[in-house]
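A.B. asks: One structure, as structure tokens, below. Some questions next.
Read the figures in this text as sums done on the coordinates, not as results from a lab. The model shown is predicted, which means the values in this text are computed figures rather than measured ones. Cβ: placed from backbone, ideal geometry, glycine included. Neighbour counts: every protein chain shown.
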Amino acid sequence: MGYVSAVPPPRNDAAPEPDPVSGSEAEATESPAGRRSVAVALLCGALGATVVLLASGRVWARGSAAVGDGSLPLAADGRAVTGLPAALAIVGLAALVAVFAVRGKGRLLVSALLALSGLGAALAAVAGADDRKALDAEAARTTADTAAQVMGLSHTAWPYVTASGAVLILLAGLLALRFGRAWPAMGGRYERDGSPRTRKPVAVDPDRPEDLWKALDRGEDPTRRPDGA
């Protein structure tokens, strides 16, 4: 007969180690940095796109064109100089919204698009800060002389304001690339988990014909009681 011990065997109550991927995502979501990054990215992206769109409509360059014995003042706004910053700001704003509508690799790609939109808008604004082609074209159109050129050319600070707004869009994209993996997605609570859902039958009053017809329209047996009898 074998030896029987009255002492119960030791129990291993150690909790299983969390999955490294899901654990890191949960930590990033619960960390203050993860929560702040969502608010900062939204603020930077929305504010940056607004600044770019508004500053692109301001006067970037001024000058004059010779007309007879006098001169005609000319001005060109940012969209006449280059329409790229405003277009990229719209793309960046759409990408900022799309970041919360996709997950996985799709979110990574959209975050990269957001960052590239800000970078491209900033470079285009800086490149157009000393541009004179727009005013030369305006001088040629005004004087009906294709060889006419603008005189007394001067530039404003609005191209650099546009570039600063684009940098905010770039910052939002960088934050999305760094922390976006743990950000929530729109409509996540409404996604089905694939398990079948049972529908509770509605009580039918057999003395009311309208209830019987409604039950038949729902595909239910009006003679069946809710308890299954």
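A.B. asks: For a quick protection proxy, order the peptides 159-166, 105-112 by their average other-Cβ count within 10 Å, most packed first.
C.D. replies: Working: 159-166: 23.6, 105-112: 16.8.
Peptide ranking by packing, descending: 159-166, 105-112.
A.B. asks: Further question: Pulled fully out, how much extra length does the chain show between Ala75 and Thr146, if you take 0.36 nm times their separation in residues and subtract their Cα-Cα distance?
C.D. replies: 23.8 nm is the gain from fully extending Ala75 to Thr146.
A.B. asks: Using every alpha carbon pair in the range 72-173, what percent of pairs falls into each 10 Å bin from 0 up to the bin containing the largest distance?
C.D. replies: 16, 36, 23, 15, 7, 2
A.B. asks: What list of ³J(HN,Hα) values in whole Hz, one per residue of the range 132-144 in order, does the Karplus curve 6.51 cos²θ - 1.76 cosθ + 1.60 (θ = phi - 60°) give from phi, with Gly and Pro shown as x?
C.D. replies: 10, 5, 5, 6, 4, 5, 5, 5, 5, 5, 6, 8, 6
A.B. asks: Still on this structure, please answer the following. Please report the net charge: other residues with Cβ closer than 14 Å to the Cβ of Ala112, K and R +1, D and E -1. Write out the running numbers ahead of the final one.
C.D. replies: Details: positive: Lys105, Arg107, Arg178, Arg181; negative: none.
Once all neighbours under 14 Å are counted, the net charge is +4.
A.B. asks: Amide H of Trp60: which non-local residues (sequence gap of 5 or more, or other chain) have their own amide H closer than 5 Å, using H built in the peptide plane?
C.D. replies: Close amide H contacts, sequence-distant or interchain: Ala76, Asp77, Gly78.
A.B. asks: May I pose another question? List, in order, the whole-Hz ³J(HN,Hα) value for each residue of the range 53-65 obtained from phi through the Karplus relation with A = 6.51, B = -1.76, C = 1.60 and θ = phi - 60°; use x for Gly and Pro.
C.D. replies: With coefficients 6.51, -1.76 and 1.60, one gets 5, 6, 5, 5, x, 8, 6, 9, 9, 10, x, 8, 10 Hz.
A.B. asks: Using a 7 Å offset from the Cα along the Cα-to-Cβ direction at both Arg103 and Ala39, what is the distance between the two label points in nm, to one decimal?
C.D. replies: Label at Arg103, label at Ala39, 2.6 nm between them.
A.B. asks: Here is a follow-up. Given +1 on the Cβ of Lys and Arg, -1 on the Cβ of Asp and Glu, and no further charges, what dipole in debye does the range 130-191 carry about its Cα centre, rounded to the nearest 20? Before the final figure, lay out each step's value.
C.D. replies: Values: 6 positive and 6 negative charges, 90 e Å.
Here the range 130-191 has a charge dipole of around 440 debye.
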